[in-house]
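The structure under discussion appears below in the form of structure tokens.
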Amino acid sequence: MPSSSPTRSMAAPDIQGQMVFLGTGTSVGVPMIGCPCPICASNNPKNHRTRCGVVLGLPKGNLLIDTPPDLRSQLLREKIGIIHAVAYTHGHADHLFGLDDLRLMQFYLGGPIPIYCETRVERRIRKSFDYAFNTPANLHVGGAPKLQLHSIDLEPFELLGMRIVPIRLQHGPRLQVLGFRIGNIAYCTDTNAIPVASMARLQNLDVLILDCLRHQPHSTHFCLDEAVSLAARLKAKQTLLTHLSHDLEHEETSALLPEGMKLAYDGMRIPLS
Ligand SMILES: [Zn+2]
Ligand SMILES: [Zn+2]
Ligand SMILES: [Zn+2]
């Protein structure tokens with residue numbers, strides 16, 4: 001463990017006022033292991049997609065949405081040295097299992113890292129990371145993440161100097177997940193249906209970040225046509241598509257998109273509004 005802990009300024013250039021896309025790929029990433037297709041073999045870095053997550057540089061610290069399995073390499077790549085809090089969309093493996101990479105934060109923050117999630121996600125965290133709650137005696141100090149769990153529902157809450165508005169989304173017919181609105185940006189990954197009651201929270205957006213898996217329809221994710229028609233209804237100034245599979249080549253797909261829509265890519269940064 002480090003003998004001295006980096007402060008926010010030592011750890012990394014500040015990302016305050018920005019949203020950074022850590023990953024924009026579907027659950028298996030792009031390239032996919034063992035796939036010989038031209039997109040998986042592409043040299044265009046915008047076709048290299050790690051698992052989905054974003055960091056927002058809020059007034060009082062860095063908020064991470066989800067902890068993808070690629071988290072360590074993503075934070076190193078973006079030179080983001082500290083995370084002050086995490087909010088979860090849902091508990092699927094591609095959004096959760098990088099949580100252990102936040103072990104160092106207990107030293108940098110001087111205590112546990114605050115985690116905001118729904119109770120079903122909390123249950124998954126307590127199962128998958130049981131050693132963080134009943135730390136075995138043989139584990140060294142810092143060998144388990146230190147977590148402070150906060151239960152959330154659809155009630156907006158204050159975090160790191162901003163109001164966070166949860167948005168109910170359907171991820172297939174049987175799983176309800178959360179999107180988040182922060183200022184005039186909304187992050188809505190892992191969904192293929194937005195309940196009518198949630199639409200009011202998605203009005204007057206500067207940026208809508210929306211799930212879009214592939215060309216063909218899918219049982220738990222939006223396909224390209226569905227994402228395009230939903231974006232046209234919601235009328236955000238800009239819509240960025242994420243959770244992309246190897247079906248969507250960056251340049252080819254970008255050429256198909258209407259004005260105001262783009263594919264997100266790993267490392268993309270946008271200003272918070
Ligand atoms: Zn996912
Ligand atoms: Zn492929
Ligand atoms: Zn999912």
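Brief remarks follow.
- Scope the range 51-69; condition surrounded by 23 or more Cβ atoms within 10 Å (Cβ to Cβ) and more than 12 Å from Ile15 (Cβ to Cβ); matching residues: Arg51, Cys52, Gly53, Ile65, Asp66, Thr67, Pro68
- The residues in the range 164-193 that are touching a helix residue (DSSP H, G or I) at 6+ places or on another chain (Cβ under 7 Å) and among the β-branched types (Val, Ile, Thr) can be counted, and the count is 2.
- Qualifying position, being open to solvent by 10 Å² or more (accessible area, probe 1.4 Å), touching a Pro at 6+ places or on another chain (Cβ under 7 Å), under 18 Å from Gly91 (Cα atoms) and at pLDDT 95 or above, among Gln170, Gln176: Gln170
- Condition broken by Thr239, with the remaining ones in (1) without any contact (Cβ under 8 Å) to a residue 40 or more places away in the chain; (2) within 19 Å of the chain's Cα centre (by Cα); (3) at positive phi satisfied: (3)
- Checked against (1) open to solvent by 10 Å² or more (accessible area, probe 1.4 Å); (2) away from ligand 2 (no atom under 16 Å from the Cβ), Ala85 passes all but a single condition, namely (1).
- Restricted to the range 111-149, and to residues there that are loosely packed, with under 15 Cβ neighbours inside 10 Å and either part of a strand (DSSP E or B) or of a type in the set (A, V, I, L, M, F, W, C) (or both), the residue that is modelled with the highest pLDDT is Gln148.
- Cβ-Cβ contacts under 7 Å between residues 6 or more apart (or on different chains), taken from a first residue in the range 119-137 that is closer than 26 Å to Glu155 by Cα to a second residue that is open to solvent by 60 Å² or more (accessible area, probe 1.4 Å) and among the small types (Gly, Ala, Ser), are listed as Thr119/Ser151; Glu122/Ser151.
- In the range 84-95, the residues that are farther than 16 Å from Ile167 by Cβ reach residues that are more than 16 Å from ligand 2 (Cβ to nearest atom) and part of a helix (DSSP H, G or I) with C-beta atoms within less than 6 angstrom, at least six apart or across chains, in these pairs: Gly91/Val121; Gly91/Arg124.
- Which numbered condition Val165 fails, given (1) touching a strand residue (DSSP E or B) at 6+ places or on another chain (Cβ under 8 Å); (2) among the β-branched types (Val, Ile, Thr); (3) away from ligand 2 (no atom under 16 Å from the Cβ); (4) under 22 Å from Thr26 (Cβ atoms): (4)
- Checking each residue in the range 34-85 for being within 16 Å of ligand 1 (Cβ to nearest atom) and more than 14 Å from Val20 (Cβ to Cβ) picks out Arg49, Arg51, Thr67, Pro69.
- From Arg49, Arg72, residue being in contact (Cβ under 8 Å) with a residue 24 or more places away in the chain, basic (Lys, Arg) and within 20 Å of Gly179 (Cβ to Cβ): Arg49
- Failed item in (1) farther than 26 Å from Val165 by Cβ; (2) more than 16 Å from ligand 1 (Cβ to nearest atom); (3) of a type in the set (Asp, Glu), with Asp14 passing the rest: (1)
The values are calculated or read from the model by the stated rules, or taken from the named source; none is laboratory data. Note that this is a predicted model, so its numbers are computed, not measured. No Cβ is skipped: glycine too gets one built from the backbone with ideal geometry, and neighbour counts run over all protein chains shown. Accessible surface is based on the protein model in full, side chains and every heavy atom, while ligands, DNA and RNA are left aside. Shrake-Rupley method; radii C 1.70, N 1.55, O 1.52, S 1.80 Å.
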